[in-house]
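Notes follow once the structure below has been shown.
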């Protein structure tokens, strides 16, 4: 079903209103269900035996599982239910050359680091204090050996960026842009992305990256370039944490 034309400056998209809210609710429900299953598994394992579950396996299950659960929820409760395709959430060829990523990736990451320094240094916090929980999950994967480290890198640099871009730039951004003009919609969607990560020290960096990814989705009319930037960013963070841990 084709949505009615939107007023000038707003997006015409089927991913809006109740359809978007319902999809996001299902994404949360699927993610919460995974957490419950993992917790029940931990309780069962502790009850049946004295051994503690492998932290590397647990980290991989949680990271990969939440990403797969989100994509599954979108596929079942948005795309199939509404008769849409992945292109409707931005998984389509970009309208502009992806070669622009050659300058956009370093520019966005540099802007994020600069924002973090401006905010955190006056508060007495350094870059090393950002994202302790995420760093711990990466360290757990690295502790599992090369196989878990490789699977962790694949999850963090490919699977998670795809899932997060589909949710935040494929659902949240269009839903907001259907009601708000570019600056307000992009800024609010980027702020939602940053806030949902629940990493206060990393908030300045995540806010810059989130807004930039939304602006890229608008500019390219595709979330694919954003997936690439997101994946490169996550891969750099992942390898940096592992390198720092191995150097200690």
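Every number here is computed from the coordinates shown, using simple stated rules; none is lab data. Predicted model, so just to flag it, every value in this text is computed and none were measured. Cβ coordinates were reconstructed from backbone atoms using ideal geometry, including for glycine residues, and neighbour counts include every protein chain displayed.
Table for the structure above
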| read-out | value |
| --- | --- |
| Computed label-point distance, nm, for sites residue 243 and residue 192 using a 7 Å Cα→Cβ extension | 3.5 |
| Among 94, 14, 146: highest mean-square fluctuation, GNM of the chain, C-alpha pairs under 10 Å | 146 |
| Fluctuation leader among 28, 78, 213 - the chain, Gaussian network, Cα springs under 10 angstrom | 28 |
| Rounded tilt (10° steps) of 101-120 against the dominant C-alpha axis of the chain | 70 |
| Crossing angle, helix 55-74 versus the chain [Cα axis fit, 0-90 degrees, rounded to tens] | 20 |
| Estimated 222 nm signal from helices in the chain, with DSSP H stretches of n ≥ 4 weighted -39500 (n - 2.57), rounded to 500 | -21000 deg cm²/dmol |
| Peptides 17-23, 201-207 ordered by average Cβ neighbours within 10 Å, highest first | 201-207, 17-23 |
| Per-selection Rg to Rh, the range 150-203 - Cα, Kirkwood hydrodynamic radius | 1.07 |
| Burial order of peptide ranges 156-165, 169-178 (average beta-carbon count within 10 Å, highest first) | 169-178, 156-165 |
| Full-stretch length increase - residue 154, residue 92 - with 0.36 nm per residue and alpha-carbon distance subtracted | 20.2 nm |
| Inter-label distance for residue 82 and residue 219, nm, one decimal - labels placed 7 Å from Cα along Cα-to-Cβ | 2.6 |
| Crossing angle, helix 203-220 versus the chain [Cα axis fit, 0-90 degrees, rounded to tens] | 40 |
| √(5λ) per eigenvalue of the Cα gyration tensor, the range 17-246, largest first, Å | 29, 24, 16 |
| Listed residues 43, 167, 119, most fluctuating in the chain (Gaussian network, C-alpha, under 10 Å) | 43 |
| Label point distance in nm, residue 136-residue 42, each placed 7 Å from Cα along Cα→Cβ | 1.0 |
| The range 148-248, relative contact order [Cα under 8 Å, separation at least 6], % | 35 |
